[in-house]
Amino acid sequence: MWGGGVSAQLRDTAGELAGLLWREHTLYRERSGGVVIRGAHVERWISLSPTGGKDQVLIRAGRILHGGTTAPARSEAVASLTLGTGELALICRRLLADTAAGTAPRADGVRGARPARRPGKAARTGRHTGIASWIVILAVASLVALFLRDLVASQ
């Protein structure tokens, strides 16, 4: 039913993790070959997916919304399946804590894990007008001043 190889290893690892994370949980397979651990009583989920790298797994965490639908992942990290179940559970707990707090992924202090790459736009600072905008404004003001000077000089 679950297939062999990586899927079986993910299923076994997810089953062990589920027991460490929550007493009440549901374990199911994704179409992509990953495994999801769903803790409905805490309104959170954890997903383990193969990354294509040898013994690497993408761990994602998210919330379960009212009505039972799942929200998109709020934090994720890449870890090695060669880590012990306890260390993988630690990574999952950190991701779940980040999900609850609504912060970005923090896998920096965990051995064998690194934050997953997510393309995104840099956060905007409180400054509304940048230096380039001020240069353009000054150039336009200079042109207007030159035009007015020539207009006054020609009369």
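Residues of the stretch 65-105 that are among the polar types (S, T, N, Q) and within 20 Å of residue 41 (Cα to Cα): 69, 70, 75, 99.
The requirement of being of a type in the set (D, E, K, R), under 17 Å from residue 91 (Cβ atoms) and in contact (Cβ under 8 Å) with a residue 24 or more places away in the chain is not satisfied by residue 38. None of 124, 111 is part of a loop (DSSP other than H, G, I, E, B), more than 25 Å from residue 59 (Cβ to Cβ), modelled with pLDDT under 85 and open to solvent by 70 Å² or more (accessible area, probe 1.4 Å) except 124. The set of residues in the stretch 20-51 being open to solvent by 80 Å² or more (accessible area, probe 1.4 Å) and of a type in the set (Gly, Ala, Ser) consists of 32 alone.
Look at (1) within 17 Å of residue 97 (Cα to Cα); (2) open to solvent by less than 70 Å² (accessible area, probe 1.4 Å) and you find that residue 10 fails only one, number (1).
If residue 15 satisfies all but one of (1) in a loop (DSSP other than H, G, I, E, B); (2) at pLDDT 85 or above, what's the number of the condition it fails? Residue 15 satisfies every listed condition except (1). Screening the candidates 76, 87 for the property of being among the acidic types (Asp, Glu), touching a residue at least 40 places away in the same chain (Cβ under 8 Å) and open to solvent by less than 70 Å² (accessible area, probe 1.4 Å) yields one hit, 76.
Scanning the stretch 57-73 for residues that are more than 17 Å from residue 15 (Cα to Cα), open to solvent by 10 Å² or more (accessible area, probe 1.4 Å) and part of a strand (DSSP E or B) returns 63, 64, 70.
The values are calculated or read from the model by the stated rules, or taken from the named source; none is laboratory data. As the structure is a prediction and not an experimental result, all values here were calculated from the model. Because the Cβ atoms are built from the backbone with ideal geometry, glycine has one as well, and the counts that use them run over all protein chains shown. Just the protein is used for accessible areas: all its heavy atoms, side chains included, with ligands, DNA and RNA removed. Shrake-Rupley method; radii C 1.70, N 1.55, O 1.52, S 1.80 Å.
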